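Reviewing the structure listed below.
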Amino acid sequence: MLRVVIPDMPSYDVFYKKLIHAVPLKNVTSRFAMEKIKSITALPVPPAPAVD
């Protein structure tokens, strides 16, 4: 699975064409998010408990 961030559909078309020429693929499925919902993938890590 690849997650690709592109500015527009023509850019996706360029990426897709390069991908299928570079890698032998049998099936490609694409899904598009038209709105930016969340771009942060890191989760907050709570501090470790104090050791006495």
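I'm checking my understanding of the structure. Among residues of segment 17-34 that are among the aliphatic types (A, V, I, L, M) and part of a helix (DSSP H, G or I), which one is surrounded by the most Cβ atoms within 10 Å (Cβ to Cβ)? Break it down stepwise before answering.
Looking only at segment 17-34, we keep the residues that are among the aliphatic types (A, V, I, L, M), and these are 19-20, 22-23, 25, 28, 33-34.
Those left that are additionally part of a helix (DSSP H, G or I): 19-20, 22.
Details: Leu19: 13, Ile20: 11, Ala22: 8.
Filtering first and then ranking leaves Leu19.
Is it true that Val14 is outside any helix (DSSP H, G or I), surrounded by 10 or more Cβ atoms within 10 Å (Cβ to Cβ) and out of contact with any strand residue (DSSP E or B) (no Cβ under 7 Å at 6 or more places or on another chain)?
When the stated conditions are applied, Val14 does not pass them.
Where a number appears in this text, it was derived from the coordinates with a stated rule and is not lab data. Note that the coordinates shown come from a computational prediction; the quantities given were computed from them, not determined experimentally. In this analysis, Cβ positions are derived from the backbone assuming ideal geometry, glycine residues included, and neighbour counts consider all displayed protein chains.
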